[in-house]
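Asker: Pasting a structure below so you can have a look.
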Amino acid sequence: MLSFTSSHLTSARVGLVVFLFASASFVGNAQGPSAAQSLAPREAQRVEETAEFHHQLGVAYHLRRSLEDASREYTRALELDPPRDLADEEWQLARRFAPRVYVTPSEFFPLKDFAVILHPTERLIAYHFFWEDDIDFPEDNDPCDHELMWVRYSPDRMSIEKIWTYFHGRMLAGGEAALSDARRNLMRPRVNVQWGKHGSMPADWEELMIIADRGDAENKYYPVDRPISLKLYNEGTFRKLSEEGRRLANHPLGRRAGWPKKFSGTWNDFINFSKIIEPLDLLDKHKMAAVSRWNSATLNQHFLRYNFRPKTEWPVEVSHVRFQD
């Protein structure tokens, strides 16, 4: 007898999203754009009427820059599983574990917005950063650079158990040094932010291991397709930005905005994360916080009037994995 776990069902739903988009593209080629645009949402609603499915479809549309379709699916997801405002004790949680954000003194882009999403059933908080832009992408039609980090807090809600940061499509897990740093600073974890590119790193970033790939802009400056230290990765990034300069250095949008073409300092300047940015100032000003399973939908429908690139929702598949208290 075959048995299917929740993760199997999730994989099937993701596969269905891919199938719907493939079908939409095929029909679009044969019948024109209007057929392609209308097929996937109609079929999706017939096949699966859950918040999870509509949210996955919304993210897929969002990544394709089909923003009206994405917003429609996000709206339906939140109709089926609405976010809610934070209670007083949840505001305390959001503030208690909020990151201390450090940039280099020469960081060009300001932090324009900051949002907090608390998971409704797991001990997880997502902290979203929206920088004004990314030094390497003047042409991507995103009026911000979306980055984030997560914390898992203890059952008594007083301390941090785990820290993750988002780093160029990868997830970095902070070790004991990062947790100790947070405990020395009233449970607020430190996040170091790359100059111009805004990859987010925990306090113990230097010795963390990642696998660089050929899609990285600086791939010729470090080994690829095998584990390397984050220090070595950042050394390659520094060399690329200081020797060659940023991607599309002569793009008219970057020129008009006065973006620096190169990083002009030394390696020590590049890793001098000494300027603090207080995200709680933005949280107090804009009150962008909610309790929801669906980060991207909530950001899109409740907080931001401009486009952002959706990123990883949670550090694990919390819909199907329970933490042990």
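Read-outs throughout are calculated quantities, based only on the coordinates presented, and are distinct from any laboratory measurement. Keep in mind the model is a prediction, meaning the values are calculated, not measured. Reconstructed Cβ throughout: ideal geometry from the backbone, glycine too, with neighbour counts over all protein chains shown.
Asker: Looking at region 252-279 only, could you name the residues that are part of a helix (DSSP H, G or I) and either of a type in the set (S, T, N, Q) or buried (at least 17 other Cβ atoms within 10 Å of the Cβ) (or both)?
Answerer: Matches in region 252-279: 254, 268, 270, 279.
Asker: For region 96-109, name all the residues that are surrounded by fewer than 17 Cβ atoms within 10 Å (Cβ to Cβ) and either within 19 Å of residue 155 (Cβ to Cβ) or free of Cβ contacts under 8 Å to residues at least 24 places away in the same chain (or both).
Answerer: None - no residue of region 96-109 is surrounded by fewer than 17 Cβ atoms within 10 Å (Cβ to Cβ) and either within 19 Å of residue 155 (Cβ to Cβ) or free of Cβ contacts under 8 Å to residues at least 24 places away in the same chain (or both), so the list stays empty.
Asker: Moving on to the next point. Restricting attention to strands (runs of 3 or more DSSP E) lying wholly within region 90-195, give those where 1 or more residues are under 27 Å from residue 62 (Cβ atoms), within 13 Å of the chain's Cα centre (by Cα) and of a type outside the set (S, T, N, Q).
Answerer: Strands (runs of 3 or more DSSP E) meeting the threshold: 111-118, 124-131, 145-153, 160-167, 170-173.
Asker: Here is a check on your reading of the model: is residue 87 of a type in the set (A, V, I, L, M) and surrounded by 15 or more Cβ atoms within 10 Å (Cβ to Cβ)?
Answerer: no
Asker: Quick check on this structure: which one of 240, 261, 220, 275 is touching a Ser or Thr at 6+ places or on another chain (Cβ under 8 Å) and farther than 27 Å from residue 71 by Cα?
Answerer: Going through 240, 261, 220, 275 in turn, the sole match is 275.
Asker: Another one. If you check residue 249 against the conditions, is it over 23 Å from the mean Cα position of the chain (by Cα) and in a loop (DSSP other than H, G, I, E, B)?
Answerer: When the stated conditions are applied, residue 249 passes them.
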